[in-house]
Each structure stands twice: as C-alpha cells, then as structure tokens.
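Take a look at the structure set out below.
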Amino acid sequence: MQVEGVNPGRKVGWQNVEKTAETEEIQEQQQGGGETAEVDGEQSVETEAQGVLRLLQEGHFKGVADVRLRINFYDELAGIQASAVDATAGEKINGIMGGIGGAVNSFVEGNELTEEQAAGVQAAQENFVGAANATGENPAVDLTAAFEAFIAALQNLFTQASSETPPEEPAAAGAESGVNWPGFIENLRTTFAAGMAELTDAISGVSALPPLSEPKGNGVAYDKFLAIYNQMSGAEPAGGGLNEAEPT
C-alpha cells in the first residue's frame, strides 16, 4: 500500500469541514516553509492528502476534525504505523543478533571445541540469523520461536559432547574438559531476554499519531466518530461510511 495515496472514490476529510480554522491551517502550512506545492483549487487530491497526513501527525487537528480525519485516512495511517514499527523492530533485532553473535564468538574462541562442535555451533547460529531475518507481522513471537530452536540445536550438541566423553577419562575430552555448555546456553538466554525486553518496550512506544484530542463544541458528533474509529482500531466493521454518520 502506498502511504501517500488515497482511495479514488473517497472524499478528502478536511474538505468536508468547511469554513473552519483547520482548513485555513492546512493552506497556511502548504503555502509556507518553502514547499513547492501550492493550494490553488486545482491542487491534486494526493498532494492534499499528504498535507493532511502531516498535519495529523503533528497534532494540528482537534475535536471532531481530529477523529474524522483519522477515520478517512485510516489505511494510510496504518501503513505509516506499520513502517515505523518495522523500522524500530529491525533496529532492536539487529541489537539482539549482535549480542548473540558476540556470545557465540566468545564461546567458540575461548574453548577447545572439536571441529565438528564448532561447525555445529556456527550452523545453529546461521539458522537463527536466517529465521530472524524472516520474521513476519509479529516479530517478537517469531524471534522467540527461532531462538528456542537455536537453543535446542545447542543442547543437542551438548548432549552429543557429553556422550562422547570416555567414562574412564572424564577430564580428557567432551563437556567435562572445561567446555561449559550449560553456562554458554544460560548466557545466551540472559542476553536474548534483555534484548527482547528492549524490543517489546520500543515497539509499544511507537505511535504514528499523538493521542486523540478531547471533544470541543458538539460532543455528540465527536462520540459518533469516536465509536467508528474505535471499531476500526479493533478490526471490527465500522457499519457504514462517513456520509451515513454525518453529524446533524
């Protein structure tokens, strides 16, 4: 979905709020600041929409106009929100992968692993990285599942290392030779948990819009549009277009 565009058959919301301070404010914003777009009666719907979206994000609209425009541009705003969440999640996931990578490198370089064990750890990490890069709409859930698969692969290597230790030579090879597999796995869990806490906090703090403004003047009209907006936000059918819900 193109964030800048609007549905062809839909009226631009602010055009329906005639002779208001909001309309004048849009014109002033689009004419000022060295912008190339001009407000002149023949301006395209797309350019008008971009101006409204910007003003919505800046919190310029109040009361009924605020809620109504959020409804009119719901899809566009949802796209902006999704992009912001993706960018934030990507940054935090990169941080998590960096922390995990550092722990893996320290473990491999600081222990006398067999070639097979070292290759197994590296392969498990590569699989984890690949899964992390393929996270979908719920990155926290997908990343957690990928991490648990990573840990399971490491635990399998640990089990193999333990079984390969000759019982008559407990200190000669395998897990009893100073390779602390349980400590390595616990370190990974701690690193991952800290990174996931940052990811969750960061995503929950992302918002494309400021908080809804309070109603002013016609509270009945505000309540009508707020009910529609809340239904849309909850992924429920709004039960009619804006024209059917015109305030009287």
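All of the numbers you see were taken from the coordinates with simple rules; none came from a lab. Computed from a predicted structure; not experimentally measured. Glycine gets a Cβ as well: all are built from the backbone with ideal geometry, and neighbour counts include every protein chain shown.
Structure above, values below:
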| read-out | value |
| --- | --- |
| Cubic angstrom per residue, convex hull over Cα atoms of the range 86-204 | 81 |
| Within the range 86-204: Cβ-based charge dipole about Cα centre, in debye rounded to nearest 20 (Lys, Arg +1; Asp, Glu -1) | 280 |
| Amide hydrogen neighbours beyond the local backbone of SER213, cut-off 5 Å, H modeled | GLY63 |
| Karplus-derived 3J(HN,Hα), 6.51/-1.76/1.60, for each residue of the range 79-94, Hz, glycine and proline x | x, 5, 4, 4, 5, 5, 5, 4, 5, 5, 4, x, 5, 5, 5, 4 |
| Sequence-separation-based contact order of the range 86-204, relative, with Cα cut under 8 Å and 6+ spacing, percent | 39 |
